[in-house]
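One structure below.
The values are calculated or read from the model by the stated rules, or taken from the named source; none is laboratory data. These numbers were taken from a predicted model, which means no experiment stands behind them. As a convention, Cβ positions derive from the backbone with ideal geometry for all residues, glycine included, and neighbour counts pool all protein chains shown. For accessibility, only protein heavy atoms count, side chains too; no ligands or nucleic acids. Shrake-Rupley method; radii C 1.70, N 1.55, O 1.52, S 1.80 Å.
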Amino acid sequence: MLTGAEILLESLSARGVDTLFGYPGGQIMPVYDKLYDYSDKLRHILVRHEQGAIHAAQGYARIKHAPGVAIVTSGPGATNVITGIADALIDSTPVVVIAGQVASTALGTDAFQETDFIGLTTPITKWSYQIRRPEDVAWAVARAFHIAGTGRPGPVVLDFTKDAQVGQALYEDVKCDFIRSYVPVPEVDDKLIAQAAEMIGKASRPFVVFGQGVLLSGAEKELAAFLDKGDIPAGSTLLGLSALSSDNPHYAGMLGMHGNLAPNTLTQHCDLLIAVGMRFDDRVTGTVATYAKQAKVIHIDIDASELGKIVPVELGIHGDAREVLSRITAAMKPSVRDSWMKKVVSECKAIEKDKVSDPEINPAEGPVRPGEVIARVAEVCGGDAVIVTDVGQNQMLAARYSRFCKSRSFISSGGLGTMGFGLPAAIGAKIADPSRKVCLFVGDGGLQMTIQELGTVMQDSVGVKIILLNNNWLGNVRQWQELFFGKRYSFTRMMNPDFAAVAAGYGITTVNVEKRDDLAPAIDRMFSDDAPFILNVHVKEEDNVFPMIPPGKSVDKVMLNNKDWFEYGE
Amino acid sequence: MENDSLYEITVYTENQVGLLSTIAGMFTRRSLNIDRLVVYPSGIEGVHKFKIATRTSASMARAVVLQLEKKVDVIKAFYEIDDERSSREAAEVRNFLSMRERQKQ
Ligand SMILES: Cc1ncc(C[n+]2csc(CCOP(=O)(O)OP(=O)(O)O)c2C)c(N)n1
């Protein structure tokens, strides 16, 4: 006989889990007590706040392509992970959260540190379950991992009562790969494949928009082969970045509000839009009323509720991106497309380089621009690093100026836009794959939301490279105030601490950069070893991210700077 | 604008605690008023049935049904302007379950 706590740890090991991100407390202590004996099998990373645990588990999951695990106590420990659960749901990240709970006999009595955690998390989980008996632990863990990691991945909560942790039961590993009410990978009818191939064959200007679904289904090669055979250009969503290498000849750039001119323009000029593993977020579509109205739409997604949810489709294919893409590729004829789309892409790229990117990454004078920091890091890393971002201008610029040659190399909070996500997610990513460089781009606002995780970096010597784009503003909000609220800078100016002094308290090296000439040597120094490092760059304070599609506008009406607009064909 | 009608949304589920609030939450989220709610055993062993009446558009009813079906313990969901076809639905649920039973083997 084993206790429920032991069965939990055995079942986690049986699922191949080797790392837990967590924080102890009263109602999870029986599990922590047993964890003490499992340190050869299960590495526990002690974070400094439970939000850090869940975001680290998310960063870990994105690199490992398997569920990340966070373990917390009941009450405040559990409520502290709620932001990360919501983030994982909207960004389809597989995580399993194990939370302590008061004894089943005390449920509903307002016992010390009791919260209705299942009730609180039901709308933001893929599945949640309260374990009230030690006999149910192995079953619940197996089911949790199956659900979190298959189909469209997402967060699962296990609420583990204290009596179930200490009670005893026979342990036998339970497998779970079948739940009759849950069909993670639907079968796709040949007719739909044939119809898609035919629509693509007939189109003269097809265009692909892809998202994280490509990464989640492992369809990177299939996507590239599909684009090659059909000679089709493609644009990526924020979370789709790195699914296609940046120098792939078909890659037109990033879609959406701060995306590149070429893919946003093609969206409005294609005759067939093929959406793969993406969900038409409003940051991608701009105003939906005018979005790709001229085009027929094929939408491929593993989540049936996404098909037709935002954009009406001619053909919805409910299926796994990898399988569907390879079957369509096999069914379609090779094409060489007219050069019109190629001309649009190269013209858009030239205009964007001239008007936006060049001034941003090669400024001759003035304060350091955030874009040049990112471009320099990209150059030194050669597209090989994992790029993690926080939220705001730092995020959009990191997405714009980073380069990728390996898949699963970009980690960011897309759907929820959670400031404070970056540092703990970078910690999780580095722990998932210590052999890769992990670079975090973060603003002064976002870093201070989870800055306590520098303690985790210190304790576990996590070699993350933290690049602080320090502008002394909540930059992204300030940009909106400048452009859309008549420069009324209501509470966006930040008085900041001496970050180097804070980091010194944690024994982390910081280099402050104020002048352009100091940037390149500081970056070289940062990458001279694998130790944690903060590069605190004082960037231009009132800088804006362009291009920008202002809210409520169509995706081909783009601001290039404070006065110039771009629309193809003018 | 689409016209609103009184829709009957039928949800067949596994017998799991907490599903009522999961299902009700789906309606609250879209600001849909529940006019009538009935829960009872479906007649298929181990399968529960929720019938929820709400006034809404066809596209909203469809969206809600698809999002309900996403829930792990929801087997199938349907929407109809009237409830005459519930026996056909039950047949569809039976077919689905026996197909899954075959796939399991
Ligand atoms: C938790 C949270 N609170 C508030 C916001 C709204 N918000 C989005 S970007 C931003 C400013 C970010 O400033 P900073 O971290 O300094 O980054 P910058 O934009 O300057 O790069 C704010 C407040 C958010 N996304 N998340």
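About its Cα centre, what dipole magnitude does segment A:496-539 give when the only charges are +1 on Lys and Arg Cβ and -1 on Asp and Glu Cβ, stated in debye to the nearest 20?
80 debye
Ratio of alpha-carbon Rg to the 2.2 N^0.38 Å globular estimate for segment A:274-366, to two decimals, please.
The value comes to 1.46.
With each label point set 7 Å from Cα along the Cα-Cβ vector, what nm distance links A:F491 and A:Q452?
It works out to 2.2 nm between the two label points.
Working out 0.36 nm times the residue gap between A:D177 and A:S461, then minus their Cα-Cα distance, what length gain in nm do you get to one decimal?
Residue separation times 0.36 nm, minus the Cα-Cα distance, leaves 98.5 nm.
For segment B:5-104, just list the percent of Cα-Cα distances falling in each 10 Å bin from zero outward, please.
15, 53, 28, 4
Please compute the Kirkwood hydrodynamic radius over the protein assembly as shown, one decimal place, Å, based on all pairs of different Cα atoms.
26.4 Å
Rounded to the nearest 10 Å², what accessible area does A:C439 show when all protein chains are kept and the probe is 1.4 Å?
Approximately 0 Å² of A:C439 is accessible to the 1.4 Å probe.
How long are the semi-axes of the equivalent ellipsoid of segment A:367-538, taking √(5λ) for every eigenvalue λ of the Cα gyration tensor, in whole Å from largest down?
24, 18, 17
Using alpha-carbon positions, what is the distance between the centroids of segment A:151-187 and segment A:46-94, in Å?
Answer, in whole Å: 17.
Per residue of chain A, what 222 nm ellipticity follows from adding -39500 (n - 2.57) for every DSSP H run with n ≥ 4, rounded to the nearest 500?
Estimated from H runs of four or more residues: -10500 deg cm²/dmol.
Short version: ³J(HN,Hα) in whole Hz for each residue of segment A:456-463, in order, from phi by Karplus 6.51 cos²θ - 1.76 cosθ + 1.60 (θ = phi - 60°), x for Gly and Pro, what are they?
Each residue of segment A:456-463 in turn: 5, 4, 5, 4, 9, 6, 8, x Hz.
With +1 on the Cβ of every Lys and Arg and -1 on the Cβ of every Asp and Glu, and nothing else charged, how large is the dipole of the protein assembly as shown about its Cα centre, in debye rounded to the nearest 20?
Roughly 860 debye for the protein assembly as shown.
Helix B:86-104 versus the longest principal axis of chain B: what is the Cα-based angle in degrees, 0 to 90, to the nearest 10?
For B:86-104 against chain B, the angle is about 40 degrees.
Identify the GluC sites (Glu not before Pro) of segment A:489-552 meeting these criteria: DSSP loop state and at most 11 other C-beta atoms within 10 Å of the C-beta.
Counting only loop positions with at most 11 other Cβ atoms within 10 Å, none of the GluC sites (Glu not before Pro) in segment A:489-552 qualifies.
Only Cα pairs within less than 10 Å get springs; with that Gaussian network setup on chain B, which residue of B:E45, B:E89, B:E14 has the largest fluctuation?
For chain B, modelled as a Gaussian network with Cα springs under 10 Å, the answer is B:E45.
Distance between the C-alpha centers of segment B:27-83 and segment A:313-346? Whole Å please.
Comparing the Cα centres of segment B:27-83 and segment A:313-346, I get a distance of 36 Å.
A:E198 label point, 7 Å along Cα→Cβ, cut-off 15 Å on backbone N: hits in segment A:332-366?
A:332-333
By what distance, in whole Å, do the Cα atoms of segment A:425-525 stretch along each of the three principal axes, largest value first?
47, 30, 25
When we measure straight from the Cα of A:K229, which lysines land under 19 angstrom away, once same-chain ones fewer than 8 places off are left out?
A:K202, A:K221, A:K333, A:K342
What does the charge dipole of segment A:1-148 about its Cα centre add up to, to the nearest 20 debye, if the Cβ of each Lys and Arg holds +1 and the Cβ of each Asp and Glu holds -1?
Magnitude of the dipole: close to 380 debye.
How big is D for segment A:2-169, in µm² s⁻¹ as a whole number, if Stokes-Einstein is applied with the Kirkwood radius of its Cα pairs at 4 °C and 1.567 mPa s?
Estimated via Stokes-Einstein, D reaches 86 µm²/s.
If you take the beta carbon distance between A:D354 and A:D530 as r and set R0 to 30 Å, what does 1/(1 + (r/R0)^6) give as a FRET efficiency, to the nearest 0.05?
Plugging the Cβ-Cβ distance into 1/(1 + (r/R0)^6) gives 0.20.
Find which of A:I534, A:Y489, A:A501 sits farthest along the positive direction of the dipole of segment A:472-535, computed with +1 on the beta-carbon of Lys and Arg, -1 on that of Asp and Glu, about the Cα centre.
Value computed over the given set: A:Y489.
Let me check the size of segment A:190-343 from its C-alpha atoms; what are the radius of gyration and Dmax in Å?
Cα-based Rg and Dmax for segment A:190-343 come out at 13.6, 38 Å.
Farthest toward the dipole's positive end in the protein assembly as shown, which of A:Q58, A:T290, A:S402, given Cβ charges of +1 (Lys, Arg) and -1 (Asp, Glu) about the Cα centre?
Looking along the dipole axis, the top candidate is A:T290.
Place +1 on the Cβ of every Lys and Arg and -1 on the Cβ of every Asp and Glu in the protein assembly as shown, take the dipole about the Cα centre, and give the residue among A:Q459, A:P155, A:L266 whose Cα lies farthest towards its positive end.
Farthest along the dipole direction, towards plus: A:L266.
Considering Cα pairs under 8 angstrom that are at least six residues apart, work out the relative contact order of segment A:106-227 and quote it in whole percent.
Rounded, it is 22 percent for segment A:106-227.
Just to make sure I understand: if all protein chains stay in place, what is the order of A:D354, A:D460, B:D73 by accessible area at 1.4 Å, largest first?
The most accessible residue leads, giving A:D354, A:D460, B:D73.
Among the trypsin sites (Lys or Arg not before Pro) within segment A:515-570, which fall in a DSSP loop and have no more than 14 other Cβ atoms within 10 Å of their own Cβ?
Passing sites in segment A:515-570 are A:K515, A:K563.
Loop only per DSSP, at most 15 neighbouring Cβ atoms within 10 Å: give me the GluC sites (Glu not before Pro) in segment A:357-386, ordered by residue number.
A:E365
Would you mind telling me the antiparallel percentage of the DSSP bridges in segment A:2-169, rounded to 5?
If I count the DSSP bridges inside segment A:2-169, around 10 percent turn out antiparallel.
Return the subset of A:K41/A:K162; A:K437/A:K540; A:K349/A:K540; A:K437/A:K465; A:K175/B:K104 for which the Cα-Cα distance in this structure is over 18 Å, preserving the input order.
Too far apart for the 18 Å limit: A:K41/A:K162; A:K437/A:K540; A:K349/A:K540.
Which whole number in µm²/s is D for segment A:1-89 by Stokes-Einstein, with the Kirkwood Rh taken over Cα pairs at 10 °C and 1.306 mPa s?
120 µm²/s
With label points built 7 Å along Cα→Cβ from the Cα atoms of A:D110 and A:K191, find their separation and express it in nm.
Distance between label points: 6.0 nm.
Compute the orientation-averaged projected area for segment A:147-223 from the convex hull of its Cα atoms and round it to one decimal in nm².
8.8 nm²
Could you tell me what fraction of 2.2 N^0.38 Å the Cα radius of gyration of segment A:325-372 comes to, as a two-decimal ratio?
Rg over 2.2 N^0.38 Å, computed on Cα atoms: 1.95.
With a 1.4 Å probe and every protein chain left in place, tell me how much accessible area A:E567 has, in Å² to the nearest 10.
For A:E567, solvent-accessible area is about 50 Å².
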